[in-house]
Amino acid sequence: MAVQLNKSSFSSRLKLVYDAWNNASQNEDYSSIADVDALFLSAGDPAGEDEPIRKGTAFQTWLLGYEFPSTFLLFERDRLRFLCSSSKAKILSQVQNYNTVVPVEILPQAKGKEAATDALPKFLAAYSSCKRVGALVKETQSGKLIDEWKKAISESASKPELVEMAPALSALLAPKDEEELKAVRTAANLSSTLLAHHIAIKLETILDKEAKISHEQFAAQIEMRLGSGEGDKAKGPDMRVWNKGRGLNDVDWQATEFCYSPIIQSRATKSGFDLRSTAESSDDDIAHEGVILISVGMRYKGYCANLGRSFIVNPTREQESVYNFLLLLQSELLAQMKDGVTARDVYQHAASFVKEKKPELERHFVKNVGFGMGMEFRDSAYLLSPKNGRILKLGMVFNLALGFQDLEEEGGKKYALHLVDTVKVDHEKGLLLTDGVKAVKETLFFLNPAEDIKAPVKEAKKAPSKPIVNGSPVKNKTVGGKVLRNKTRSAAQEEVLQSTMAKIAEHQRELHNQLQVEGLAKYSEGAGGTGGKEGKTWKRFQSYKGEAALPKEAESLRIFVDRKAQTVILPIHGFAVPFHINTIKNVSKNDEGEFTYLRVNFQTPGQLAGKKEDTPFEDPDCTFIRSMTYRSADGHRFDAVTKQITDLKKEVNKREQQKKEMADVVEQDTLVEMKGRRPTKLPEVFLRPALDGKRLPGEVEIHQNGLRYLSPVSSQKLDILFSNIKHLFFQPCEHELLVIVHIHLKAPIMIGKRKTWDVQFFREASDVQFDETGNRKRKYRYGDEDEIEMEQQERKRRQMLNKEFKLFAEKIAEAATASTGDTLEPDIPFRELSFEGVPFRTNVRLQPTTECLVYLSDPPFLVVTLADIEIASLERVQFGLKQFDLVLIFKDFTKAPLHINSIPSAQLDDVKNWLDSVDIPLSEGPVNLNWGPIMKTINEDPYEFFQHGGWSFLGGSGGGGGSGGEESSESESEFEAEVEESESFDESDAGSAYGDSDVSEDDASGSDFDDESDGDDWDELERKAAKSDKKKLETGRGHDSDESEDDRPKKKSAAKSNGKANGKAKGKR
């Protein structure tokens, strides 16, 4: 038998129909069929290709799995009757004897030349015996069986009253089971893939080349991706597009089609912008400026998915603002579309949000924000409108269509913007089934990038292949979305002629001014800033609650160390007085003659040494005991006491230090394992930091709310929840030995006994991983041929590794976004923008990403979030030095600045361009600053710091010339004078985590200058250099000779001492 019906699916769905009908009086959704005696469903000839699917056909396909034209169904209280042809009766007989909620009776009609049967009279008799029958009254049918039925009804003596049952069928079809959702997800993936990998790319090409193509032609080209032509000339689906999508490996292309012809609209559309789903693409050529609206919907196995996007070419600030608001509105409504919410509540929330945030757009807002979707593209019973009281239920699928129409741009031209996606209703929020090509960087196009155009977007994901001459490699990417080529040659020439340094200087002035304003606002008392005046307080420690809690050893009135209570009991004038170990600073023991003296020193305010000299006390009039001394002839006894107190002090300090280190460690929630299907896995990966035991590869699994790493050794595992993931990185194995998926956490977790902020999964990409010793070809092949083949094989292996790890990283991001609702994207380092430096103890290659600066190849890892950086200070920037340093100061002033030392001076411009492109204020200086005391001063009163100019002491913009450098060095010197004064009484802070960075010999040689003497001008310096070179050549000692190299260390050491002396003189001046 060619057609196989799903009998279990039919039985379960038939039961849903009867349950809904029997309980219709208790459920408002089914109230229309509450008091009917039967449900009648008629189907005539199939509808035309251009006609939308009918509700009766949708219901029949949902129930039986196939469309059965010229077939009638009559649902009675005690049975289900079919009226159909004999051939269809054979197919339907599969469900006749199956275990169904009511018996199934099939009435087959005779074929054309055979004698008529009593099927139609029997069916009519059962139908006529009912008083009220639910039917699809508004649907019009045609066909031979329909004509026979109409004739029979007209001749019948009794006709039942017909009741519209469309609302009840909508309620039955709206919640989707897992099989239906699978088809919807596939349709959504098809739509998203087509948009991301064909429509957006094709549109970008059209705009870039200014190609003339009509809206209708573009829509036809999109439709051809599913195949075209007939017979021998037929072409199948364009797999170059579909292979790039996820979950499309086993798609049945025969069951795939477009819901409607793609809708393309632009400024050139004669009829204007139309946000309705019934709009059509016109034959006008696509405009290359302004708004372009695109809508595309796919149907898979009868189930629909739809999406719509707005692309803007050279957007105005108003258009950018409206589009960003659409993105915000969508995320706001997703939180509302959950189980139990009414359709009108969704619309009213949207309308009130628009009225609150942007009241000027309220009159332009759409009249509804979407509709229910399934087999029917548009189910009007579930319209998300202000008057619809239908309740959203788990598993329902909606077309969430947000938009503003009749907006006016400069020149009075009308435009519209929309954002359309397919959404599934879930327990806590709506889940997007379609996604992609939505961010500002993907939908805004700039044909003529100008200095005054700035879009509030992040750096583009894809690094440019060629950096701009003397400019930031990613600057134009961040200006606003995608930057296409300039339209005119003169515009390109003007951009090249503009001074990049002037641009950076101007931009840096804006950033520094903004930083100053934000600092004053953040730390002002009115803005709730603490101003750093909370200060330190003395902690209170309690050893015992009362005298009864004192140990028995206290009765002997001897010094006793109570380790359990962390207390030292000292006898004073006949009393046993307990002192908590935290009140004791240290103990010392001295032998004088026959006696041994034990001195106990206490922590007291006002001490000059140590970090507690600035710690206040509640009552300044109190008297404190600074030390106590005891004498004894038993030296061994005091030796034991001294050791006990010292050990207890060390133990308590160590415990407090561990407690302080573990203060930010979080205890993660329980991982919810994937149920119903196998979790996505990445096998044969190593973990860093490694678990205890032998180093063996394990596998990573993606579960509902997190990741799980399983080690092959015993039952060791590591869980990472999506809610604790701050950044996700994928680093390919190009130019690297490892392919890496790296996770940076919001809060550290414990792996074994170690606290870690970063977890990394990697696999080695070297030849060592592959055993080629048994390759017989090597015996007969030599030389280049063998090497070329090996290189090709290695290249293929690396490509496969990159593809596998990148796909897994994308699946992690997808699962995390679905679980938490916050968008997570895998970040890929831009190797083109990398630079070398020393963030820890070794020289490494640091690589920027969209949101971070990272080093992931070896531990210790470095992940710096760019949004957390307050300002960047470039130090040791001097003519003639081969290296400079970069200091990153964080917005959290309590964190120690990050020092990246010994960056090659050849990369200075690249680093400055990158910092400027990601909107980080920067400054330049000729010497290193002592950041420990500087940050201590700032933390004491941040508001006062910003009142006195804030970061202006660093010298401002990093794009200026020589004069800016002199001002910078003078202001630095003034700050150093204060630093030296504080060093005399606070050496411990100067050597803290903020401590001085290691200064290389290049620094010392470059700091040998004297502000008091007048420097030679450039011409004089060049003449001296030429004279010196000539002299060296004459004596046979060139620049590369061994003798000159031997002389250099002596000069450097001399310069180093002079540099220190000059630095101090300058600081005290």
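The values are calculated or read from the model by the stated rules, or taken from the named source; none is laboratory data. Because the structure is a prediction, the values reported are computed rather than measured. Neighbour counts run over all protein chains shown; Cβ positions are idealised from the backbone, glycine included. Quick note on the areas: whole protein, heavy atoms, side chains included, nothing else; ligands and nucleic acids left out. Shrake-Rupley method; radii C 1.70, N 1.55, O 1.52, S 1.80 Å.
When a 1.4 Å probe is rolled over the protein heavy atoms, the share of accessible surface on the stretch 7-173 that falls to carbon and sulfur comes to 50 percent.
Hull volume per residue, based on the alpha-carbon atoms of the stretch 831-952 and their convex hull, is 109 Å³. Can you grab the distance from the C-alpha centre of the stretch 420-447 to the C-alpha centre of the stretch 793-856, Å, no decimals? Their Cα centres are 23 Å away from one another. Split the accessible area of the stretch 178-445 by element, probe 1.4 Å, and carbon with sulfur accounts for 45%. Ligands, DNA and RNA left out, the 1.4 Å accessible surface of the stretch 831-952 is 48% carbon and sulfur atoms.
The relative contact order of the stretch 289-354, computed from alpha carbon pairs under 8 Å that lie at least 6 residues apart in sequence, is 24 percent. Average accessible surface for the stretch 52-128: 45 Å² per residue, computed with a 1.4 Å probe over protein heavy atoms with every protein chain in place. The mean sequence distance of close C-alpha pairs (under 8 Å, at least 6 residues apart), as a share of the length of the stretch 178-445, puts its relative contact order at 21 percent.
Under the combined filter of DSSP loop state and at most 13 neighbouring Cβ atoms within 10 Å, the stretch 304-381 retains none of its chymotrypsin sites (Phe, Trp or Tyr not before Pro).
Charging the Cβ of each Asp and Glu at -1 and of each Lys and Arg at +1, and nothing else, the dipole of the stretch 831-952 about its Cα centre rounds to 400 debye. The residues of the stretch 248-363 have, on average, 43 Å² of accessible surface per residue, using a 1.4 Å probe with all protein chains present.
Ordering R267, R677 by accessible surface, largest first, gives R677, R267; the 1.4 Å probe counts only protein heavy atoms, with every chain in place.
Extension gain, S128-M750: 0.36 nm per intervening residue step, less the Cα-Cα distance, totals 216.4 nm. Charges were assigned to the Cβ only: +1 to each Lys and Arg, -1 to each Asp and Glu. The resulting dipole of the stretch 7-173 about its Cα centre is roughly 500 debye. Grab the beta carbon distance between Q603 and H948, set R0 = 51 Å, and tell me the FRET efficiency rounded to 0.05. So the FRET efficiency works out to roughly 0.90.
Is the shape of the stretch 178-445 rounded, prolate or oblate, going by the alpha carbon gyration tensor and its root eigenvalues a ≥ b ≥ c, with a/c under 1.5 for rounded and a/b larger than b/c for prolate? Because a/c hits 1.5 or more and a/b fails to exceed b/c, the stretch 178-445 counts as oblate.
Under 11 Å from a label point set 7 Å out along the Cα-to-Cβ vector of K235, the amide N atoms of the stretch 211-227 belong to 221-227. Charge tally for L417 (other residues, Cβ to Cβ under 12 Å; Lys, Arg +1; Asp, Glu -1): -2. Label sites at K522 and E148, each approximated as a point 7 angstrom past Cα along Cα to Cβ, lie 8.2 nm apart.
Each 10 Å bin, from zero up to the one with the longest distance, holds this percent of the alpha carbon pairs of the stretch 7-173: 10, 40, 38, 11, 0. Here, the stretch 389-444 is characterised by an Rg to Rh ratio of 1.12, where Rg is the alpha-carbon radius of gyration and Rh the Kirkwood radius. In this view, the solvent-accessible surface of T820, computed with a 1.4 Å probe and all protein chains in place, comes to about 50 Å². When the stretch 178-445 is described by a simple charge dipole with +1 on each Lys and Arg Cβ and -1 on each Asp and Glu Cβ, the residue from A287, N189, T205 located farthest towards its positive end is N189.
Positive-end ranking of F258, I391, L402 along the dipole of the stretch 178-445, with charges on Cβ about the Cα centre, is headed by I391. Taking a sphere under 14 Å around the Cβ of P46 and counting the other residues whose Cβ falls inside, with K and R at +1 and D and E at -1, yields a net charge of -3. Taking all protein chains together and rolling a 1.4 Å probe, F579 ends up with roughly 40 Å² accessible. Spatially close Lys pairs in the stretch 831-952, defined by Cα atoms under 22 Å apart and a spacing of eight or more places or different chains, total 4. With 25 Å as the limit on Cα-Cα distance, the pairs of K182/K441; K202/K244; K545/K643 that go past it are K182/K441; K545/K643. With all protein chains kept in place, the per residue accessible area of the stretch 831-952 amounts to 35 square angstrom at a probe of 1.4 angstrom.
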